[in-house]
1. Given the DSSP H assignment, sum -39500 (n - 2.57) over each helix run of at least 4 residues in the chain and divide by its residue total; what's the result at 222 nm in deg cm²/dmol, nearest 500?
2. Using the structure shown, list the pairs from Lys136/Lys206; Lys65/Lys94; Lys39/Lys147; Lys25/Lys133 with a Cα-Cα distance above 22 Å, or answer none.
3. Checking a compactness column here: for the chain, what do you get for Rg(Cα) / (2.2 N^0.38 Å), N being the number of residues?
4. Are there DSSP H segments in the chain that both extend 30 Å or more along their axis (alpha-carbon positions) and score a mean Kyte-Doolittle hydropathy of at least -0.5? List them, or say none.
5. Quick check: residue separation of Lys111 and Lys197 times 0.36 nm, minus the Cα distance between them. What number comes out in nm?
6. Net charge near Tyr89: determine it from the other residues with C-beta under 13 Å of the C-beta of Tyr89, scoring Lys and Arg +1 and Asp and Glu -1.
7. Take the Cα pairs of region 115-156, get the Kirkwood Rh, then feed it into Stokes-Einstein at 10 °C and 1.306 mPa s and tell me D in µm²/s.
8. Starting from a Cα-only point model with no solvent, please compute log10 I(q)/I(0) by Debye for region 68-112 at q = 0.15, 0.33 1/Å.
Amino acid sequence: MRNLLATDQPIFKIILDSSAEIQSKWEVLRFECEEVICKHNEVYDYFSVIVNGSVNIYHTSEKGKTYSQSVYNAGRFFGEMEIFDSAPYVCEIKAMTPVTMIRLHRRYFEKWLEQDNQATLYILKSLCSASYKLSKKAIEDTLYSLKFRVCDYLIQSYHSRRKKNFKKVYISKEHLSEQFVVTRRSINRILKDIHDKGHIRVERDKIEIIDIEALIEEREGERY
């Protein structure tokens, strides 16, 4: 387990600090790109943690429209909301890259939380943070225009990648379409408008921020 959880992620450290009994109960699973990990409306009595790779958490309507709720990477976990009542998954989870994950059955998950206050507090804080972000996103989806949301997404992505010294933002237009529940044509129209104004440069799925201040002004012009 220690070799598997070698990277610096808070949840990994908490797992490695747990009792030997709990550590021995984790199962390791691997998935290929595009493989479905959890299906919508099915019950999974497991708490799962992503060790490496990326997954898309999304919902598809009866008419086939896909809504992407979030993308999870290494150190993120899922199943904590459904596990206590054995509730079916509201969303489907699919691997966007090859994924390695570990999972803990409900009986051992509950025992872990009973034994470990650090694990309980961390998961509780993560639940509150996720609830806050989902509430914020629901408000923005209701109140703000698509252009505001696309600009805001690009700005947030820019700042996130800037911390890692990356100049270009790699974004799938299909993912943007799913993220905002709109057609790719609508996304392309917004990106073309921003591109023509010189704020960004679009090269297929590569988006380079040319003028972050102008992009922020563009977003603020769409507020309310």
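The values are calculated or read from the model by the stated rules, or taken from the named source; none is laboratory data. Just so it is clear, the structure is predicted and the values come from calculations on it, not from any experiment. Here the Cβ is made from the backbone with ideal geometry for all residues, glycine too, and neighbour counts use every protein chain on show. Only protein heavy atoms, including side chains, enter the accessible area calculation; ligands, DNA and RNA are left aside. Shrake-Rupley method; radii C 1.70, N 1.55, O 1.52, S 1.80 Å.
1. Details: 8 runs with 97 residues, N = 224.
Helix-only estimate at 222 nm: -13500 deg cm²/dmol.
2. Details: Lys136/Lys206 27 Å; Lys65/Lys94 16 Å; Lys39/Lys147 32 Å; Lys25/Lys133 31 Å.
Table pairs above 22 Å Cα-Cα are Lys136/Lys206; Lys39/Lys147; Lys25/Lys133.
3. Working: Rg = 19.5 Å, N = 224, 2.2 N^0.38 = 17.2 Å.
Relative to the 2.2 N^0.38 Å estimate, the chain comes out at 1.13.
4. Values: long enough: 117-143 (39 Å, -0.03).
Flagged H segments are 117-143.
5. Working: separation 86, 0.36 × 86 = 30.96 nm, distance 5.68 nm.
My answer for the length gained is 25.3 nm.
6. On the way: positive: Lys39, Lys94; negative: Glu42, Asp45, Glu80, Glu82, Asp85, Glu92.
Combined, the nearby Lys, Arg, Asp and Glu give -4.
7. Values: Rh = 12.1 Å.
Reported coefficient: 131 µm²/s.
8. -0.46, -1.35
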